[in-house]
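A short worksheet on the structure shown next.
The values are calculated or read from the model by the stated rules, or taken from the named source; none is laboratory data. Quick caveat, the model's predicted, so the values are computed rather than measured. Here the Cβ positions follow ideal geometry from the backbone for every residue, glycine too, while neighbour counts run over all protein chains shown.
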Amino acid sequence: MSTSTRNTSTKPRVVILGAGFGGLTAARALAGKAEVVVVDRHNFQTFLPLLYQVSTAGLAADHVVHPVRGALRKTDVKFRMGSPISIDHKNKSVKLDSSEVLEFDHLIIAMGSVTADFGVPGVVEHGLGMKSVHEAISIRAEVMRRFEDLARFEDDTRLSIAVVGGGPTGVEMAGALAELKRGPLHNDLAHAAEHIDIYLIEAGPRILPMFSEKLSARAARDLQKLGVHVRTKTAVREIKSRQIVVKDGEPIPAEVTIWAAGVKGEPTAAALNLPIAGSRVKSSQTLQVENYPHIWAIGDISGALNPEGRFYPMVAPVAMQQGRFVAQQIIDLTAGKPLKEFKYKDKGSMATIGRHKAVVEVGKFSMVGAPAWFAWLWLHLFYLLGGRNKVGTMADWTWNYLTFDRGNRHIMDSLD
């Protein structure tokens, strides 16, 4: 079936590829001011900052996803589930895998990112990524399955779980695994839990390199207090089924390897024959794609450079600010106003390590410990989409906090 959109009003037609933080923010900012169609291969948005809690049994999987149509309810924005397969630049249209053709005056590329293996052998075969609910459930199932295997032994057999990547995702994952081991798994079977080793591996000289050295050191100490073996200056050469080969030193045992070492732009953009810089779509400071003034790129896929000549960080605040910015650019352009250059307002960074353990840095202001932990909780709850998800997440967090238990320790990666 082949259909096409027709412009029946003076409003610009905008097609947005991707329903992540940037895409949905742009769509809602353009609602009522443009004829907007959002396209995504899933009918839900995933709240990526909390995926690690699904992986470590802290949250139910359905608490971190929200229907796209629900997010766009009470707006005139349309949604199509599908993937783009080609762009017709001459006729300004994009074809989906459903054979539907969507005509546009402006196209916003907001397809996000995927796990980057940086060419390290074995990552695809033996590493577990952290970019989707399916991957989070797979990590949880693998950890719990290995725990059940360990429960069969009453000797000194050990289970090693390694997290590769010392950024916020890796740090939060390692801390959550340590708390899972110290609390729920210890209560389930103390002998097995005591024989679990957790490693955090970082190639650079310190974890959380985007934070000050003081906060980075604090985070490392907090992780070590939780029993995590923090290994900095440890570059990974290869991932094997039961160990990690490093460039210098002895291999690190790892029955489970979680790869949180970085991400790259969604490769679909290259398949659409858009200009690519690295893994991102080449974009100017106005966020227009190079050579295509009617196409815009936002979020992780955007190749726009900051004033220092570097790519913007692949984080949700950048995507959301760029989503609002591009929406206003399109509105201004329609009204005959000049375009502006994007300026990112860095509102700081935060990472949680465990109960009452977190670091927050905003400019020269920093906060650690319980106040930072509560600030992290409330900020993430604020940005989580959907009232049901907020209530469910709050209920899970409260239960975990009061009981030191996690009720989502299910092995559900396959149906038997």
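Quick look at the numbers
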quantity	calculated
Residue within segment 71-90 that is in a strand (DSSP E or B), more than 30 Å from GLY323 (Cβ to Cβ) and modelled with pLDDT of 95 or more present	no
Lone qualifier among VAL39, VAL94 - being modelled with pLDDT of 95 or more and more than 20 Å from the chain's Cα centre (by Cα)	VAL94
Flag for ALA203 being modelled with pLDDT of 95 or more and under 21 Å from the mean Cα position of the chain (by Cα)	yes
So GLU213, is it closer than 18 Å to GLY170 by Cα and without any contact (Cβ under 8 Å) to a residue 12 or more places away in the chain	yes
Scan of segment 313-326 for residues that are farther than 17 Å from ILE16 by Cα and either in contact with a strand residue (DSSP E or B) (Cβ under 7 Å, 6 or more places away or on another chain) or assigned by TED's automatic domain parsing to the domain that holds PRO168 (or both), ordered by number	MET314
Some residue of segment 100-111 being in a loop (DSSP other than H, G, I, E, B), under 28 Å from ALA60 (Cβ atoms), among the small types (Gly, Ala, Ser) and assigned by TED's automatic domain parsing to the domain that holds LEU17	yes
Some residue of segment 322-342 being in contact with a Pro (Cβ under 8 Å, 6 or more places away or on another chain), among the polar types (S, T, N, Q), touching a residue at least 12 places away in the same chain (Cβ under 8 Å) and at negative phi	yes
Total residues in segment 333-378, condition aromatic (Phe, Trp, Tyr) and in contact with a Leu (Cβ under 6 Å, 6 or more places away or on another chain)	1
Residues of segment 388-416 that turn out to be under 21 Å from LEU72 (Cα atoms) and modelled with pLDDT under 95, as a count	1
Counted residues, segment 28-75 - those being among the acidic types (Asp, Glu) and either on the phi > 0 side of the Ramachandran plot or surrounded by fewer than 19 Cβ atoms within 10 Å (Cβ to Cβ) (or both)	1
Subset of segment 293-318 (residues that are over 23 Å from PHE47 (Cα atoms) and either hydroxyl-bearing (Ser, Thr, Tyr) or surrounded by fewer than 18 Cβ atoms within 10 Å (Cβ to Cβ) (or both))	PRO293, HIS294, LEU305, ASN306, PRO307, GLU308, GLY309, ARG310
Checking ASP405 against (1) surrounded by fewer than 20 Cβ atoms within 10 Å (Cβ to Cβ); (2) free of Cβ contacts under 8 Å to residues at least 40 places away in the same chain; (3) not in a strand (DSSP E or B), the condition it does not meet	(2)
Qualifying residue in segment 309-322 (condition: part of a loop (DSSP other than H, G, I, E, B) and more than 18 Å from the chain's Cα centre (by Cα))	yes
Yes/no for HIS356 being in contact with a helix residue (DSSP H, G or I) (Cβ under 9 Å, 6 or more places away or on another chain) and closer than 19 Å to LEU402 by Cα	yes
The one condition in (1) assigned to a helix (DSSP H, G or I); (2) in the same structural domain as GLY183 (by TED's automatic domain parsing); (3) of a type outside the set (A, V, I, L, M) that GLN329 fails to fulfil	(2)
Filtered residue count, segment 288-301, keeping only those that are within 25 Å of the chain's Cα centre (by Cα) and more than 16 Å from ASP105 (Cβ to Cβ)	5
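Per-residue answers, yes or no, for (1) in contact (Cβ under 8 Å) with a residue 60 or more places away in the chain; (2) among the charged types (D, E, K, R):
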residue	(1), (2)
ALA235	no, no
VAL246	no, no
GLU255	yes, yes
ASN273	yes, no
ARG280	no, yes
ALA297	yes, no
